[in-house]
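Asker: Mind looking over this structure? Questions follow.
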Amino acid sequence: MNNMNLQFPLKISLDSISPHSQAILEFFIKNSGHHYFSLTRERALADLHIIDLDYPSSKQQWEKNKDDKPCIALAMKKPTEEGVLWVAKPITAKALIVAAQSIVSENKESTEQRQLPTSEAEKTQRSEEKVQPSKPVELAQQKTATIPQRQDQPESKIDSKAESIKSSATKKEAKRKEKAEREIPQEPEHLINRSHPPFTSAEQAQQRWNLLCGKENNTNNIITYQPNNYFLGSLLAANNLSQRTNQVVQIKYEPHQFYILYNDCLIFSPLTPSEESFTTLCQQEVKPGQINLHLLNTDESNKVKQKITTHREYCNHLEYFIWTTSLLTSQGRLATTIKPKQTYRLKYWPDFTRIESFPFSMKIAALWHDQNYTLQQIAERLEIPINYVTAFADAANSFNLIEKGKATTGTTKQGKKIGIIARLFGKLTNSGT
Amino acid sequence: MSQINRKIIFTGPVGSGKTTAINSISDIDIVSTNKTATDMTKDRKRNTTVAMDYGIIKLGNDEKVHLYGTPGQQRFDFMWSILSKGGIGLVLLLDNTRKDPFHDMRFYINSFKEFIETHQLVIGITQIDKQRPPHLDDYQNWLDQLGYKAPIFEVDARSREDVSLLLQGLLLSLDPGISE
């Protein structure tokens, strides 16, 4: 350990690090981690280094450049390198914060010890400790309550002063860890946009749902539209192209640019679906030639991937992006490819954890899954306004999730009103989800 | 409904996030029987569940839904049928970074075949942000091949919201007309 007096935020230099790990660290430091860390490009100015031991040639770099500053080693497996603090991958905010606290705490203790008058014997002992090879330190990753183990050993009386001090130090350490556990959020941070930000009021939520599904329609009057006349048509074409070619596809819609990476399930775009201007973009009809698709070559793709590592905030989950674009375009209208009187079945549920939900959307999926219904039948069975059904059908159709089916008169899955299921469902839907 | 039916089972291979998912949604600190892994499991994680995980969702008036997580290793399969007795549904978590997730899906669906045929299944795919493919539609095709229908969602087991949506999918599959 070096002789510096370390304090937050710790200046860190990133040594031999993969673009993915770098992106995660930069995102973390920019957001919730800024109290703990700040980045520096100058290795000499850093309080500590972070190294990615799974990155090619990183071990050689570490051996070559290592100094007396603390080092956090990111790795899938426990490293054999000495004198590093191991943070296991996948990297979590919690593990990084605990590592930072541990480094500062250790530094403080060693600084205090240096300031105390010491006997020659102690000096010798410390000197001996210093030459002992230090092993990588592990950081706990997960909080679990465990069944208490049976205490077979009788408690021994702690009467020596040394043991008392040791016990006190252990308790102090346990308290510190417990405090750290409490302070660190257990929920993961989302590195990409995958849903609309939480609503602050019921009115705000209703306004959003009106944008997504149109105003409530209790009539049989279904309005149709042509997706290819909107940005949606180009988006779906670009997605298909990216899927077929396994390459990055660029959509140019001046002044905006969108990059679709089907294999990573990402759309890179500074304009995100929760912005008002995105709604406008979706709802205005496009002129011929106004939107162009471009299949990126390897160099261009690498540049985009580089941008992605430095701007994770512009990364949107592909399904979230397409689903919301489809809803904002249709607003409760129906694409001309879907016939109102035809029966359809939902082949698969949409990925509800990664799409923007609206009222009744999961109920529609549950009823329609592998059952043939017309849109009107679904609205009647669930006793809901038809615009929510048309909005769902339209968005599901963008993912080819619905297909024509034969008319059935079955009443499967209807009418099972099981009390505890309803109460559990009520609890889950009212607990901030 | 009798007291015994208030149970949801979480199953899946080692490291798929069963303990974490129960921890995310439980109203109590979960009871886990985690031990340091000594077999091949240690390549994937340091601690592993050896008997079961247990959590609770409280519904008020002393009514509770019990959450049971099965141990992931196949040698504990004798416990699975014991734990699933009286369950209202099965949550199968599959780790997308494992060598053969289709094999995992087939294995667990076959293991819980009788339970799934009389109850409801929902599938959560974990770690998919770390590795694609397989994609979600691959899982949908595999489930079709096995002849089953169930909601399949991407899940971050640490996210209460994700686990809650997974359970909502399970409950709505049982009854799409549930009133809140």
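The values are calculated or read from the model by the stated rules, or taken from the named source; none is laboratory data. What you see is a predicted model, and the numbers here were worked out from it, not measured in a lab. All Cβ positions, even for glycine, are placed from backbone atoms using ideal geometry, and neighbour counts span all protein chains on display. Just the protein is used for accessible areas: all its heavy atoms, side chains included, with ligands, DNA and RNA removed. Shrake-Rupley method; radii C 1.70, N 1.55, O 1.52, S 1.80 Å.
Each row is one residue, and each column tells you yes or no for (1) β-branched (Val, Ile, Thr); (2) touching an Asp or Glu at 6+ places or on another chain (Cβ under 8 Å); (3) modelled with pLDDT under 95.
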| position | (1), (2), (3) |
| --- | --- |
| B:82 | yes, no, yes |
| B:93 | no, no, no |
| B:110 | no, no, yes |
| B:113 | no, no, yes |
| B:125 | yes, yes, no |
| B:133 | no, no, yes |
| B:137 | no, no, yes |
| B:143 | no, no, no |
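Asker: Can you spot a residue in region B:128-141 that is at positive phi and within 16 Å of the chain's Cα centre (by Cα)? If you could, list the steps in order and put the result at the bottom.
Answerer: Taking region B:128-141 and keeping what is at positive phi, we get none.
Within region B:128-141 (the criterion being at positive phi and within 16 Å of the chain's Cα centre (by Cα)), the answer is no, since none of the residues qualifies.
Asker: With respect to residue B:149, determine if the residue is in contact with a strand residue (DSSP E or B) (Cβ under 7 Å, 6 or more places away or on another chain) and open to solvent by 10 Å² or more (accessible area, probe 1.4 Å). Steps first, answer last, please.
Answerer: On the way: in contact with a strand residue (DSSP E or B) (Cβ under 7 Å, 6 or more places away or on another chain): yes; open to solvent by 10 Å² or more (accessible area, probe 1.4 Å): yes.
Answer is yes for this residue.
Asker: Among the numbered conditions (1) facing chain A (nearest Cβ under 7 Å); (2) open to solvent by less than 60 Å² (accessible area, probe 1.4 Å); (3) assigned to a helix (DSSP H, G or I), tell me where residue B:105 comes up short.
Answerer: That leaves (1) as the condition not met.
Asker: Let me ask something else about it. It is to be established whether one or more residues within region B:127-147 are away from chain A (no Cβ under 13 Å) and part of a helix (DSSP H, G or I).
Answerer: Residues of region B:127-147 away from chain A (no Cβ under 13 Å): B:145-146.
From the residues that got through so far, the ones that are part of a helix (DSSP H, G or I) too are B:145-146.
Yes.
Asker: What number of residues within region A:355-372 are within 27 Å of the chain's Cα centre (by Cα), within 7 Å of chain B (Cβ to nearest Cβ) and modelled with pLDDT under 95? Step through it out loud before you land on a result.
Answerer: The first filter runs over region A:355-372 and keeps only residues within 27 Å of the chain's Cα centre (by Cα), leaving A:355-366.
Checking the rest, the ones that are also within 7 Å of chain B (Cβ to nearest Cβ) come to A:362-363, A:366.
Subset that is modelled with pLDDT under 95: none.
Qualifying residue count for the region: 0.
Asker: A further question follows. Any chance region A:50-62 includes a residue that's among the polar types (S, T, N, Q), closer than 21 Å to residue A:312 by Cα and surrounded by 13 or more Cβ atoms within 10 Å (Cβ to Cβ)? Write out each step before concluding.
Answerer: Initially, region A:50-62 is screened for residues among the polar types (S, T, N, Q), giving A:57-58, A:60-61.
Next, from what is left, pick out any that are closer than 21 Å to residue A:312 by Cα: none.
No: zero hits.
Asker: Against the condition at pLDDT 90 or above and within 10 Å of chain A (Cβ to nearest Cβ), how does residue B:9 come out, does it pass?
Answerer: no
Asker: Within the set of pairs 6+ apart or on separate chains, which have a first residue in region A:217-235 that is at negative phi, a second that is in a loop (DSSP other than H, G, I, E, B) and open to solvent by less than 20 Å² (accessible area, probe 1.4 Å), and C-beta atoms under 8 Å apart?
Answerer: These pairs meet every condition: A:217/A:332; A:217/A:385; A:218/A:385; A:223/A:332.
Asker: When you scan region A:244-252, do you find a residue that is in a helix (DSSP H, G or I) and modelled with pLDDT under 95, even just one? Before you say what the answer is, go through the steps one by one.
Answerer: Of the residues in region A:244-252, the ones in a helix (DSSP H, G or I) are A:244-245.
From the residues that got through so far, the ones that are modelled with pLDDT under 95 too are A:244-245.
Scanning region A:244-252, I find at least one residue that is in a helix (DSSP H, G or I) and modelled with pLDDT under 95, so the answer is yes.
Asker: Identify, by number, the condition in (1) open to solvent by less than 20 Å² (accessible area, probe 1.4 Å); (2) touching a Gly at 6+ places or on another chain (Cβ under 7 Å) that residue A:331 doesn't meet.
Answerer: (1)
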